[in-house]
Amino acid sequence: MGLFGEVERDIDAIRLPQWGRVIETTTVVPFEVVGPEGQAVEAIHGYLRDFTARGRRPGSVRSYAYDLLRWWRWLGVIEVEWDKATSAEVRDFVLWLQRVPKERRVPRTTSAALVGTINPITRKQYPDDQYKVRTVRHSNAVLRSFYEYWIERGLGPLVNPVPLDRAAGRRPNSHHNPLEKFRHEGRLRYNPPIPKRRPRAIPDQRWDELFAALQSDRDRAMVSLAISNAIRAGELLGIRGADVDWGDQLVRVRRKGSGAEQWLPASAEALVWLRLYVDHIGNVGASEPLWWTLRRRRPAGAALERQPLNYDALRAVFRRVNASLGTNWSMHDLRHTCALRMLRDQNLSLRDIQTVLGHLHLSTTQTYLEEEPEEVIRRVHQHLTDRQRADSRPPVPAQGYKVTDLAVLFGEDSR
């Protein structure tokens with residue numbers, strides 16, 4: 001028991017049980033959280049139904065369902081009802097997420113030795129088993145939204161257990177000094193700060209190696225398209241047959257988050273590989289997915305069937321390439337590479353790049369303005385080489401003196 005009778009939990013000793021699961025449904029709510037008996041959790045169902053009615057995409061509903069399932073498992077371990085939770089339970093939950101490794105359904109095999117290490121070629125860190133900062137922040141946002149919904153309906157706790165980090169009753173920036181920048185007030189109290197990461201491009205030589213390691217026209221078409229217009233993985237997989245404008249060299253995507261449709265330019269090389277791929281699999285219907293793969297369905301030994309390419313299959317493409325090259329490139333590296341290549345083109349403005357990347361705010365695009373360390377090192381090395389060459393050249397005699405006379409007077413090697 002802690003100060004003032006508050007329960008002090010042994011965070012490191014807590015392990016969440018495999019209680020419940022998230023299932024996909026054919027009802028108005030695309031994903032549900034169900035308990036061990038297969039019944040939907042009523043409080044979560046009510047919230048997700050309202051969340052879906054607000055026009056949220058199925059992927060977002062699925063993400064929120066998994067966060068709420070983890071919260072329900074936590075409440076079960078600490079034996080607290082969902083409508084009796086306080087900020088102390090949320091605080092301990094955040095501490096648990098920051099310290100305890102994720103439980104994996106399948107143990108690591110070949111990747112066990114690489115966890116958390118730095119790849120010597122890409123200089124990127126391999127994923128570890130800790131919950132990332134963005135995962136914690138997303139979980140907090142989901143919980144606050146969940147409790148806000150039930151508090152508005154007159155149910156749940158009287159106070160939202162996910163508090164804001166500001167004094168009670170204060171307006172954000174109520175005493176703002178006009179000579180200073182606005183401070184970010186109203187953030188969630190237990191949100192850890194996001195570490196600043198600099199976008200990095202794949203060097204041209206490494207890009208050539210990656211492209212050469214691809215094994216099919218489909219894979220070459222996908223990465224060529226991604227490197228030409230910085231398309232995201234989810235947007236790439238959502239392309240349909242009618243979303244390709246061959247004449248104007250455009251592809252139509254549904255933007256992440258908003259779902260807004262946008263036409264993006266595609267390079268001629270990407271469309272060449274795309275044509276080779278389409279000729280191989282046959283015509284794709286206007287409403288059919290553009291990307292397909294062959295998979296063997298259950299039972300074992302069944303014939304191969306053509307199925308739409310999903311995110312796991314796309315990751316497998318990079319997993320095969322990385323295994324052959326000893327790298328750890330990802331689909332998002334292609335987006336960074338495309339953005340930095342466009343930034344170096346003086347014919348493109350920052351507003352053009354923001355439009356292609358689909359950034360809502362220009363400040364997000366400005367993160368690409370920071371210089372890459374490798375590029376700075378290259379220019380400094382060139383500077384030092386140029387200085388050395390300049391120092392090695394003999395000085396030019398003043399006007400009126402001849403080089404031959406000075407050589408006789410001082411010798412050939414004199415300077």
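The values are calculated or read from the model by the stated rules, or taken from the named source; none is laboratory data. None of these values were measured; they are calculated from a predicted model. All Cβ positions, even for glycine, are placed from backbone atoms using ideal geometry, and neighbour counts span all protein chains on display.
Structural remarks
- Out of ARG49, ARG54, one residue alone is out of contact with any Phe, Trp or Tyr (no Cβ under 7 Å at 6 or more places or on another chain) and either touching a residue at least 12 places away in the same chain (Cβ under 8 Å) or more than 18 Å from TYR147 (Cα to Cα) (or both). It is ARG49.
- Flag for VAL29 being in the same structural domain as SER145 (by TED's automatic domain parsing), among the aliphatic types (A, V, I, L, M) and within 25 Å of PRO192 (Cβ to Cβ): no
- Residue in region 66-73 that is more than 25 Å from GLY257 (Cα to Cα) and of a type outside the set (Phe, Trp, Tyr) present: yes
- Residues in region 8-52 that are closer than 16 Å to ARG70 by Cβ, part of a helix (DSSP H, G or I) and of a type in the set (Gly, Ala, Ser): ALA43 alone.
- Subset of region 28-43 (residues that are surrounded by 11 or more Cβ atoms within 10 Å (Cβ to Cβ) and within 19 Å of GLY55 (Cβ to Cβ)): VAL29, PRO30, PHE31, GLU32
- In this structure, ASP67 does not satisfy being farther than 23 Å from ASN310 by Cα and of a type in the set (Asp, Glu).
- Residue identified as more than 25 Å from the chain's Cα centre (by Cα) and either modelled with pLDDT under 90 or exposed (fewer than 15 other Cβ atoms within 10 Å of the Cβ) (or both) among ARG344, ARG319, ARG315, ARG298: ARG298
- Of the residues screened, VAL77 is not one that is outside the structural domain of PRO30 (by TED's automatic domain parsing) and in contact (Cβ under 8 Å) with a residue 24 or more places away in the chain.
- Taking the conditions (1) small (Gly, Ala, Ser); (2) closer than 19 Å to LYS256 by Cα; (3) assigned to a helix (DSSP H, G or I) in turn, GLY55 satisfies each one other than (3).
- Only one of VAL376, VAL380 that is out of contact with any Phe, Trp or Tyr (no Cβ under 8 Å at 6 or more places or on another chain) and modelled with pLDDT under 85: VAL376
- ARG123 falls short on exactly one of the conditions (1) farther than 23 Å from ALA201 by Cα; (2) among the charged types (D, E, K, R); (3) at pLDDT 85 or above, and that condition is (1).
- Of all the listed residues (ALA233, ALA226, ALA212, ALA260), the sole one being in the same structural domain as HIS336 (by TED's automatic domain parsing) and over 20 Å from the mean Cα position of the chain (by Cα) is ALA212.
- Taking first residues from region 344-370 that are over 19 Å from ALA226 (Cβ atoms) and partners that are β-branched (Val, Ile, Thr), the Cβ contacts under 7 Å between residues at least 6 apart in sequence or on separate chains come to LEU350/THR365.
- Residues (touching a residue at least 40 places away in the same chain (Cβ under 8 Å) and not hydrophobic (A, V, I, L, M, F, W, C)) located in region 19-45: GLY20, ARG21
- Members of region 103-114 that are among the charged types (D, E, K, R) and surrounded by 13 or more Cβ atoms within 10 Å (Cβ to Cβ): none
- Residue selected from region 115-129 under the condition of a type in the set (A, V, I, L, M, F, W, C) and without any contact (Cβ under 8 Å) to a residue 60 or more places away in the chain, by the criterion surrounded by the most Cβ atoms within 10 Å (Cβ to Cβ): VAL115
- Whichever residue in region 132-165 is surrounded by 15 or more Cβ atoms within 10 Å (Cβ to Cβ) and not in a helix (DSSP H, G or I) and, among such residues, is modelled with the lowest pLDDT: GLY156
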